[in-house]
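The values are calculated or read from the model by the stated rules, or taken from the named source; none is laboratory data. As the structure is a computational prediction, the values presented were derived from the model and not from experiment. When we count neighbours, we look across all protein chains shown, and the Cβ atoms used for this are built from the backbone with ideal geometry, even at glycine.
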Amino acid sequence: MRRSEFLRAVDAEFDGRASSLVNDLVLATLSGRTASQALDDGVPPREIWLALCAAADVPLERRHGAGRLEPRRG
């Protein structure tokens with residue numbers, strides 16, 4: 001997952017709460033950092049996405065492949 005895919009996935013999943021969650025929600029699984037801080041620190045966007053999903057109770061079926069413009073080809 002690229003940074004741009006991460007940002008698209010967050011916008012799609014959380015809509016109006018996206019900015020607040022990325023900038024304000026402290027994630028214990030990311031060493032007490034926000035998603036924004038973790039991105040700036042070089043944490044892989046996929047790891048941040050999964051941590052954010054877990055904290056926000058996003059169902060498993062909506063966590064995989066999110067943010068991609070086109071589905072992966074088999």
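Among the conditions (1) free of Cβ contacts under 8 Å to residues at least 24 places away in the same chain; (2) on the phi < 0 side of the Ramachandran plot, the only one that Arg2 does not satisfy is (1). When residues in the stretch 26-36 are screened for being crowded, with 17+ Cβ neighbours inside 10 Å and farther than 20 Å from Asp15 by Cα, 2 of them pass. Contact annotation: residue pairs with Cβ atoms under 7 Å, 6 or more positions apart or on different chains, pairing a residue in the stretch 10-33 that is assigned to a helix (DSSP H, G or I) with a partner that is acidic (Asp, Glu) and at pLDDT below 95, are Ala18/Asp11.
Residues that are farther than 15 Å from Ala12 by Cα and hydrophobic (A, V, I, L, M, F, W, C) within the stretch 37-59 comprise Ala38, Leu39, Val43, Ile48, Ala51, Ala54, Ala55, listed in sequence order.
Would you be able to tell me the number of residues in the stretch 34-71 that are part of a loop (DSSP other than H, G, I, E, B), at pLDDT below 95 and aliphatic (A, V, I, L, M)? Spell out how you get there, then give the answer.
First, the residues of the stretch 34-71 that are part of a loop (DSSP other than H, G, I, E, B): 41-44, 56-59, 63-71.
Right, trim to at pLDDT below 95 and you get 56-59, 63-71.
From what is left, the residues that are aliphatic (A, V, I, L, M) are 56, 58, 66, 69.
The number of residues fulfilling the criteria is 4.
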